[in-house]
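The values are calculated or read from the model by the stated rules, or taken from the named source; none is laboratory data. Nothing here was measured: the structure is a model prediction, and the numbers come from that model. In this analysis, Cβ positions are derived from the backbone assuming ideal geometry, glycine residues included, and neighbour counts consider all displayed protein chains. For the accessible areas, the whole protein counts, side chains as well, though only heavy atoms, and no ligand, DNA or RNA atoms are used. Shrake-Rupley method; radii C 1.70, N 1.55, O 1.52, S 1.80 Å.
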Amino acid sequence: MSATAPTRPSRNTTYRPDRRKRSRHVYNLVGLVAFVVMAFPVYWLVISALRPNHEIRSYDQTLWPSSITFDNFRRAIDMPNFGTAIQSSLIICVTAVVGAMVMSTIAAFAIGRFRFVGRKAFMIVLLAVQLLPPTALLIPLYLQLNELGGLNEYWGVIVVYLVSTLPFATWMIRGFVINIPKELEESAMVDGCSRMGAFWRVIFPLLAPGLAAASIFALINAWNEYLLAYVVLQDNDKYTLNVWLMNFTTSRGTDYGALMAASTLIAIPVVVFFMIVQKKMAAGLTSGAVKG
């Protein structure tokens, strides 16, 4: 009788499921830690807005307040120029975002559909502009706006926000333009549409996810910007909401409770808008990243 050698268990069939399960647990743990790290400042902001003022100044801080009060929100709303700050932020942000989306869509369509002299150089310039920090451009922008009479004017801040948003939005929307087959546009032109008619009837509806994604990023950047608005706008009745927050710091100290409450109120519109369009933004980001 011949002895048969013992069979060894296959590594692929025996150990791979365990490794996958362990790696999945590790990824879940890392994701949970990242979520806690990112969410804790937001949680502390909201909790501080609900704490009594004497408890905020106390050295003995707890994760949950001993009592909840809405007096901080009342003082924040009663602060002077709260309504004008909302008006300024809406005028500046909405105008800058809408203008940037119109101009970036036209530029992205030209880059993605046409071959012209200087096209690659223009694309490189768009990338190079993104590498410049905003603080490095602060003095040149101030001098140019001063010569043009744009200081302490809404249109001065709108132009700065619009120009700073254009490179990123153009690059993002370009990814969607080159993903749309040219045959769709050519078929519409064969059926009698002009090039502009084919763009509005065929191309533009397909660019909706990309426009949603780019507009959200542009709105967040414009809504949260502080330094340029603080330098360009000089009157209290024209301050945006982020600049208006300075009113809570006086020579007598800082009203931290009202400051946290006002910051919470300022964050609510962007959070609500993001939650409404998050699905379309996620679809836009993934569908525009297939081709380069």
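The table below gives the values:
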| read-out | value |
| --- | --- |
| Sites Ala208 and Val33 - FRET efficiency at Förster radius 25 Å, r taken between beta-carbons, to 0.05 | 0.10 |
| Loop-resident sites, region 199-275, for trypsin sites (Lys or Arg not before Pro), counting at most 13 other Cβ within 10 Å (DSSP) | Arg252 |
| Whole-number D in µm² s⁻¹ for the chain, Kirkwood Cα-pair radius fed into Stokes-Einstein, 10 °C, 1.306 mPa s | 68 |
| Neighbour-limited loop hits for trypsin sites (Lys or Arg not before Pro), region 61-128 (at most 15 other Cβ within 10 Å; DSSP other than H, G, I, E, B) | Arg115 |
| Extension gain (nm, one decimal) between Met189 and Leu148, 0.36 nm per residue minus Cα-Cα | 10.4 nm |
| Percent carbon-and-sulfur accessible area, the chain, ignoring ligands, DNA and RNA, probe 1.4 Å | 67 |
| Whichever aspartates and glutamates have a C-alpha closer than 17 Å to that of Lys182, once near sequence neighbours (fewer than 8 apart) are set aside | Asp191 |
| Distance in nm between pseudo-label sites at Val98 and Ala128 (7 Å out along the Cβ direction from Cα) | 3.4 |
| Expected 222 nm ellipticity per residue - DSSP helices of 4 or more, -39500 (n - 2.57), all of the chain, to 500 | -22500 deg cm²/dmol |
| Exposure ranking of Phe73, Phe248 by accessible area [1.4 Å probe, largest first] | Phe73, Phe248 |
| Å² of accessible area per residue within the chain, as computed with a 1.4 Å probe and no ligands counted | 62 |
| Under 5 Å, built H, 5+ apart or other chain: amide partners of Glu225 | none |
| Gain on full stretching of the segment that runs from Thr84 to Arg252 - 0.36 nm per residue minus C-alpha separation | 58.0 nm |
